[in-house]
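> Dropping the structure in here first, questions after.
The values are calculated or read from the model by the stated rules, or taken from the named source; none is laboratory data. Keep in mind that what you see is a predicted model, and the values were worked out from it rather than measured. Ideal geometry is used to build each Cβ from the backbone, glycine not excepted, and the neighbour counts take in all protein chains shown.
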Amino acid sequence: MLAAALFFAACSQETAPYLTICIDPGHPSEVGRGTRGQKVTEIHIAWEVATRLKKILLSQNIKVVLTKKSEDEMVRNQRRAEIANGCHADLMVRLHCDASQGSGFTTYFPDRQGTVNGFTGPDPGLIKSIAPIAKRFHDTLTGELKGFLNDNGNLSDVKTAVGSQHGALVGSIYSRVPVVLIEMCVLTNPNDEEKVSSAQGLDHLASAIAVACVKSLSKSH
């Protein structure tokens, strides 16, 4: 938290107003309501991190657009991408929680085109530009979350269940702006769930993601 505060204190306020970040708190969507731990749901954790992340970014004079107006609002993944496209976001960051036998966080990005409902995307030029952004995003997040959550890598969309079916995640296929997805923790892991369920843990996640958003775009402006 202190490192994040120092980073933002050093940020140039001349560039911040030109940044637009679209925050996409995962679920409910056409694929369901997401996963749940023993005490909390993916929907709740994603919303709590999103609202904290929005507050941090706004404090740095960064424009923020959310894909949902309330925690339980159902928004289809195509529509989520369209919201990011509509505001010409510099980055769309999608917040999710995983369900697996492991623990920790993972980031995903589209490294090839996918097709869903006859639509193919994202554009090859966008795919090329996303790769370095995703790498900077993940590398920063790894540093910010060191000692808090395990790092499971920066992986292709095809490593996800949906991405393996379509070639990319639906939200990536329809995207016309840089997009990354974070599985912020393995919510079915009791240790992970405990860490992200506390106010301190939620603040830590939001702060780390905020720094990652800004640093990932630092060479794009």
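> Determine which single condition residue 150 fails, assuming it passes every other condition in (1) out of contact with any Phe, Trp or Tyr (no Cβ under 7 Å at 6 or more places or on another chain); (2) surrounded by 15 or more Cβ atoms within 10 Å (Cβ to Cβ); (3) closer than 14 Å to residue 209 by Cβ.
Result: residue 150 passes all but (3).
> Could you list all residues from the stretch 153-180 that are at positive phi and surrounded by fewer than 19 Cβ atoms within 10 Å (Cβ to Cβ)?
Result: 153, single match.
> Could I ask something else about it? Given 157, 151, which one is acidic (Asp, Glu), within 16 Å of residue 78 (Cα to Cα) and modelled with pLDDT of 95 or more?
Selected residue: 157, the only one of 157, 151 that is acidic (Asp, Glu), within 16 Å of residue 78 (Cα to Cα) and modelled with pLDDT of 95 or more.
> So, one more: Give the number of residues within the stretch 51-82 that are closer than 11 Å to residue 21 by Cβ and part of a helix (DSSP H, G or I).
Of the residues in that region, 5 qualify.
> Hey, another quick one. Could we say that residue 115 is more than 17 Å from residue 201 (Cα to Cα) and within 16 Å of the chain's Cα centre (by Cα) here?
Here the answer is no, as residue 115 does not meet what is asked.
> Let me ask you something else. Please determine, by comparing only the residues of the stretch 41-76 that are within 17 Å of the chain's Cα centre (by Cα) and among the acidic types (Asp, Glu), which one is nearest to residue 99 (Cα to Cα).
Among those residues, the one meeting the criterion is 42.
> Another question about this same structure. If you go through the stretch 140-149 one residue at a time, do you hit one that is touching a strand residue (DSSP E or B) at 6+ places or on another chain (Cβ under 7 Å), assigned to a helix (DSSP H, G or I) and of a type in the set (Ser, Thr, Tyr)?
Yes.
> Let me ask something else. Suppose we keep only residues that are more than 19 Å from residue 102 (Cβ to Cβ) and in contact with a strand residue (DSSP E or B) (Cβ under 9 Å, 6 or more places away or on another chain) within the stretch 22-40. Which one would you say is surrounded by the fewest Cβ atoms within 10 Å (Cβ to Cβ)?
If we take residues in the stretch 22-40 being more than 19 Å from residue 102 (Cβ to Cβ) and in contact with a strand residue (DSSP E or B) (Cβ under 9 Å, 6 or more places away or on another chain), then 33 is surrounded by the fewest Cβ atoms within 10 Å (Cβ to Cβ).
> Please specify each residue of the stretch 92-142 satisfying the condition of being basic (Lys, Arg) and closer than 16 Å to residue 216 by Cα.
Scanning the stretch 92-142 gives 94, 128, 135, 136.
> Determine whether the stretch 187-199 contains at least one residue that is at negative phi and under 13 Å from the mean Cα position of the chain (by Cα).
no
> Please verify whether the stretch 91-114 includes one or more residues that are touching a His at 6+ places or on another chain (Cβ under 6 Å), more than 13 Å from residue 180 (Cα to Cα) and buried (at least 19 other Cβ atoms within 10 Å of the Cβ).
Yes, the stretch 91-114 has at least one match.
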